[in-house]
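FYI, it's all coordinate maths here, none of it is from the lab. Please read these numbers as outputs of a predicted model, since none were measured by experiment. We place every Cβ from the backbone using ideal geometry, glycine too, and count neighbours over all the protein chains shown.
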Amino acid sequence: MVQQVFLNDVSISITDFHEEEVNDKAAGKKLRKISFNFKVTSEEYHDITTLLYQMNFHVKVPEKEIEFPATIHSYSTSITNLYKENQVGDFQLELIERL
């Protein structure tokens, strides 16, 4: 079971990891796509959102020996204001391989 994903060398503890290959018709290639969930505390919120705003990442999933350049395909969060102390949000992130 995958428990850690690294985005640009930032370690994120995750749950519900899924991986698949999708067809990129324009490029004529199959691309890797991963998705996972993770919790973000109010203390981590600024650092995590700043990281996500970069949009492009070097992804490493050590437990699966996966490593590739990726971009955000979609993401969502259960809460939009984690600046209030002692809040925890559930984030869902889907990344797709970047050519």
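Which ones in segment 55-97 are part of a loop (DSSP other than H, G, I, E, B) and either acidic (Asp, Glu) or surrounded by fewer than 16 Cβ atoms within 10 Å (Cβ to Cβ) (or both)?
If the condition is that a residue be part of a loop (DSSP other than H, G, I, E, B) and either acidic (Asp, Glu) or surrounded by fewer than 16 Cβ atoms within 10 Å (Cβ to Cβ) (or both), then Met55, Glu65, Ser78, Ile79, Thr80, Asn81, Tyr83, Lys84, Glu85, Asn86, Gln87 are the ones that fit.
Residues to consider are Val22, Val2, Val61; find the one that is hydrophobic (A, V, I, L, M, F, W, C) and in contact with a helix residue (DSSP H, G or I) (Cβ under 7 Å, 6 or more places away or on another chain). Break it down stepwise before answering.
Numbers: Val22 fails: in contact with a helix residue (DSSP H, G or I) (Cβ under 7 Å, 6 or more places away or on another chain); Val61 fails: in contact with a helix residue (DSSP H, G or I) (Cβ under 7 Å, 6 or more places away or on another chain).
Going through Val22, Val2, Val61 in turn, the sole match is Val2.
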Check your understanding: Of these, Lys33, Lys29, which one is in contact (Cβ under 8 Å) with a residue 60 or more places away in the chain and in contact with a strand residue (DSSP E or B) (Cβ under 7 Å, 6 or more places away or on another chain)?
Key -> Lys33
Check your understanding: Regarding Leu31, is this residue closer than 26 Å to Leu99 by Cα, within 12 Å of the chain's Cα centre (by Cα) and aliphatic (A, V, I, L, M)?
Key -> no
Check your understanding: Could you list, in sequence order, the residues of segment 1-32 that are surrounded by 11 or more Cβ atoms within 10 Å (Cβ to Cβ), polar (S, T, N, Q) and in a strand (DSSP E or B)?
Key -> Gln4, Ser11, Thr15
Review point. Going by the conditions given, is Ser78 of a type in the set (Gly, Ala, Ser), at negative phi and without any contact (Cβ under 8 Å) to a residue 24 or more places away in the chain?
Key: yes
Review point. Just wondering, is there one or more residues in segment 33-54 that are among the small types (Gly, Ala, Ser), within 15 Å of Thr15 (Cβ to Cβ) and part of a strand (DSSP E or B)?
Key: yes
